[in-house]
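The values are calculated or read from the model by the stated rules, or taken from the named source; none is laboratory data. All figures in this text were calculated on a predicted structure; none of them were measured in a lab. Don't worry about glycine lacking a Cβ; one is built from the backbone with ideal geometry, like all the others, and counts go over all protein chains shown. Note: accessible area is taken over every heavy atom of the protein model, side chains too, but ligands, DNA and RNA are not part of it. Shrake-Rupley method; radii C 1.70, N 1.55, O 1.52, S 1.80 Å.
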Amino acid sequence: MIVAQAVGRALAACGVETAFGVVGSGNFHVTNALVAGGVRYVAARHEGGAATMADAYARMSGRVGVVSVHQGPGLTNALTGLTEAAKSRTPLVVLAGEATEVQSNFHIDQAALATAVGAVAMRVSAPEEAVSRAAEAYRVALGERRTVLLNLPLDVQAAPFEGPVDVPAAPPSTPPAVGAEELARLLGAAERPVFVAGRGARHARRELEELADRAGALLATSAVAKGLFRGSPWDLDVSGGFATPLAVELIRGADLVVAWGCALNMWTTRHGTLVTPGAKVVKVDLDPAAFTAHVRADLGVTGDVARVAEAVAVRVAPRQGYRSPEVAARVRAEGRWRDVPYEDESGGGRIDPRTLSIGLDDLLPRERIVAIDSGNFMGYPSMFIDVPDEGGFCFTQAFQSIGLGLATAIGAALARPDRLPVAALGDGGALMGIAELETVVRLGLPMVVVVYDDEAYGAEVHHFGPHGHPLGTVTFPPADLAAIARGHGFAAVTVGGPGDLAGVADWVDGPRDRPLLVHAKVTAEHGSWWLEEAFKGH
Ligand SMILES: Cc1ncc(C[n+]2csc(CCOP(=O)(O)OP(=O)(O)O)c2C)c(N)n1
Ligand SMILES: [Mg+2]
């Protein structure tokens, strides 16, 4: 066995289930060793796609994601996706060949590159480290929720590896809850408590609902945890830019906001304005750094969200809190974006993106997993296409990159093969990430890709257009995205008005033997309200 093979075998032994990558000479053996160890390998067509697929797969499966790339350009191509993963604290191991010889065309300072984007850099520097370093990379990724680059120098990879591939079992670590008493006291005194659950709460629905039932709390989530409380009569859906008018009103009415695994950033709080002055703020988080980030906490409780919720629940006497019959009736009547009246602006061969999204929500099977790219359009699918639970929404937006949506949908689809994958993209993001259309077809994924096509970088158009700036750099002639998709093996429908959605219904009826691309020519007279919010943060 050579070192490259020992590294691959060791990661397989750690419990890696799926790996993504683009294989070149520098990661050929390590990738084949993963496969030999029982790991499913998914070939992407661009390393940026591979990184984002692994990120989305990790988020939706709860497992460590693995990416395998060639030295140098293989890694630089992956960087945007890796940055997204690192910012999102996705547990990810990146296996990269490394040309340590400075004269090599492939040489770059890979460790510096990794740390520059928030990842952890490690290296297998000597043959005897092959297994221990691989196991350490896996442990740090999982235990510390980090994106770890494991550099594999070419000469070390090729060296013989002596010895067994024995992976030491990592001890589980759950820090004890600190501060539960004080949180229980605050909940016992609050008239109108609201829970906002974030990424760190996605595993804790039951515990949070049980506590909220006792404390009389309303339930909301950040965008990345969308769907967590779906089905609860007290679910306000997403807090922040995508929040309904009712959610905004009720969250602003809270006298206690408890953020569970959620840092209350500018998106979740509309630049802090959703938290009323005078309201108490509590954050429950594994990482105390969250307590002072963004909207500051009056109280920080350290620990795992589920464990803290359990510890607090036994200390809170049941009370009505915010859960009056009036609030229940309003959540029933106004709790969804679909309940908010709007004027349909479809016409002239273009469809209103709200009408499009509502139409798709009606037509597509409810057991779905929705991935959203970035851009002006992004709120429409986020707000109008419902998801069944927190496993139905994958939002790779921590780096705000466009072009990640399609790969996100692929990774999510592989984590949840029981669900219909839906990728919602702008025309800009779709064309940027288009390398992976072939991957969707090759993998046989029954995906629906929806492109909200305004023939522009709409975000820029709506930001700068009203000020009279020239827009030639951000507008494009029409592109036949349906034909492009058919060329890749997709079925495709062009939608220029509500009537064209019949083509989507036909595809849904079956046999769904090919993925579907919905090329929607959307109206674009004005920008979206969440976009204004976004630009305030620049
Ligand atoms: C990689 C990257 N490049 C550029 C940007 C700046 N940017 C933000 S939104 C946007 C336009 C996206 O266009 P499209 O996907 O068509 O969505 P639309 O805004 O038109 O709805 C651009 C270029 C970015 N966020 N990420
Ligand atoms: Mg566009």
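The rows are residues; the columns are (1) open to solvent by less than 50 Å² (accessible area, probe 1.4 Å); (2) without any contact (Cβ under 8 Å) to a residue 60 or more places away in the chain; (3) not in a loop (DSSP other than H, G, I, E, B).
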position: Val248; (1), (2), (3): yes, yes, yes
position: Ala254; (1), (2), (3): yes, no, no
position: Leu264; (1), (2), (3): yes, no, no
position: Val301; (1), (2), (3): yes, no, yes
position: Ala306; (1), (2), (3): yes, no, yes
position: Glu310; (1), (2), (3): no, no, yes
position: Pro318; (1), (2), (3): no, no, no
position: Gly321; (1), (2), (3): yes, no, no
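Here's a check for you: in the range 459-472, which residue that is aliphatic (A, V, I, L, M) and in contact (Cβ under 8 Å) with a residue 60 or more places away in the chain is farthest from ligand 1 (Cβ to nearest atom)? Please lay out each step first, then the result.
Here is the first cut: in the range 459-472, the residues aliphatic (A, V, I, L, M) are 459, 461, 471.
Those still in the list that are in contact (Cβ under 8 Å) with a residue 60 or more places away in the chain too: 459, 461.
Working: Ala459: 4, Val461: 7 Å.
Filtering the range 459-472 for residues that are aliphatic (A, V, I, L, M) and in contact (Cβ under 8 Å) with a residue 60 or more places away in the chain, the one farthest from ligand 1 (Cβ to nearest atom) comes out as Val461.
On the basis of being over 30 Å from Leu187 (Cβ atoms) and touching a helix residue (DSSP H, G or I) at 6+ places or on another chain (Cβ under 6 Å), does Ile351 make the cut? Criteria not met by Ile351. Cβ-Cβ contacts under 7 Å between residues 6 or more apart (or on different chains), taken from a first residue in the range 447-458 that is part of a loop (DSSP other than H, G, I, E, B) and near ligand 1 (Cβ under 6 Å from one of its atoms) to a second residue that is modelled with pLDDT of 95 or more and acidic (Asp, Glu), are listed as Asp454/Asp427.
When His462 is tested against (1) in contact with a His (Cβ under 9 Å, 6 or more places away or on another chain); (2) closer than 25 Å to Asp506 by Cα; (3) open to solvent by 10 Å² or more (accessible area, probe 1.4 Å), only condition (2) is not met.
Residue check: Leu404 meets all listed conditions (1) in contact with a strand residue (DSSP E or B) (Cβ under 6 Å, 6 or more places away or on another chain); (2) touching a residue at least 60 places away in the same chain (Cβ under 8 Å) but one, namely (1). When Val94 is tested against (1) away from ligand 1 (no atom under 16 Å from the Cβ); (2) open to solvent by 10 Å² or more (accessible area, probe 1.4 Å), just one condition goes unmet, and that condition is (2).
Filtering the range 369-400 to residues that are open to solvent by 20 Å² or more (accessible area, probe 1.4 Å) and under 12 Å from the mean Cα position of the chain (by Cα) leaves Glu390, Phe395, Gln397, Ala398, Phe399, Gln400. Within the range 268-289, the set of residues being open to solvent by less than 30 Å² (accessible area, probe 1.4 Å) and in contact with a helix residue (DSSP H, G or I) (Cβ under 8 Å, 6 or more places away or on another chain) comprises Thr268, Gly272, Leu274, Val275, Val282, Lys283, Val284, Asp285. All of Gly537, Gly472, Gly497, Gly527 fail the test of being modelled with pLDDT under 95 and either surrounded by 14 or more Cβ atoms within 10 Å (Cβ to Cβ) or within 16 Å of ligand 2 (Cβ to nearest atom) (or both), apart from Gly527.
Among the residues of the range 508-524, those that are open to solvent by less than 60 Å² (accessible area, probe 1.4 Å) and in contact (Cβ under 8 Å) with a residue 40 or more places away in the chain comprise Val508, Pro515, Leu516, Leu517, Val518, His519, Ala520, Lys521, Val522, Thr523, Ala524. Within the range 135-155, if we keep just the residues that are assigned to a helix (DSSP H, G or I) and crowded, with 24+ Cβ neighbours inside 10 Å, the residue that is nearest to the chain's Cα centre (by Cα) turns out to be Ala141. The sole residue among Val7, Val42, Val35 that is of a type outside the set (Asp, Glu), surrounded by fewer than 24 Cβ atoms within 10 Å (Cβ to Cβ), more than 30 Å from Val224 (Cβ to Cβ) and more than 17 Å from the chain's Cα centre (by Cα) is Val35. Across the range 445-465, the number of residues qualifying as more than 8 Å from ligand 2 (Cβ to nearest atom) and in contact with a Lys or Arg (Cβ under 8 Å, 6 or more places away or on another chain) comes to 1. Within the range 299-314, the presence of a residue that is within 24 Å of Arg270 (Cβ to Cβ), within 24 Å of the chain's Cα centre (by Cα) and modelled with pLDDT under 95 is excluded. Pairs meeting the criteria (first residue in the range 421-444 and within 16 Å of ligand 2 (Cβ to nearest atom), second residue polar (S, T, N, Q) and not in a helix (DSSP H, G or I), beta carbons under 8 Å, at least 6 apart or on different chains) are Gly426/Ser374; Gly429/Ser374.
Please state which one of Ala10, Ala43 is in contact with a helix residue (DSSP H, G or I) (Cβ under 9 Å, 6 or more places away or on another chain), of a type outside the set (Asp, Glu) and farther than 22 Å from Pro127 by Cα. First the steps, then the outcome.
On the way: Ala10 fails: farther than 22 Å from Pro127 by Cα.
Of the residues listed, the single one that is in contact with a helix residue (DSSP H, G or I) (Cβ under 9 Å, 6 or more places away or on another chain), of a type outside the set (Asp, Glu) and farther than 22 Å from Pro127 by Cα is Ala43.
The set of residues from the range 500-524 being in contact with a Lys or Arg (Cβ under 6 Å, 6 or more places away or on another chain) and either in a loop (DSSP other than H, G, I, E, B) or at pLDDT below 95 (or both) comprises just one member, Thr523. Tell me whether the range 392-402 contains one or more residues that are at pLDDT 95 or above, more than 15 Å from ligand 1 (Cβ to nearest atom), assigned to a helix (DSSP H, G or I) and closer than 21 Å to Val224 by Cα. Yes: the range 392-402 contains one or more residues that are at pLDDT 95 or above, more than 15 Å from ligand 1 (Cβ to nearest atom), assigned to a helix (DSSP H, G or I) and closer than 21 Å to Val224 by Cα.
For the range 206-247, the set of residues classified as among the β-branched types (Val, Ile, Thr) and over 20 Å from the mean Cα position of the chain (by Cα) consists of Thr244 only.
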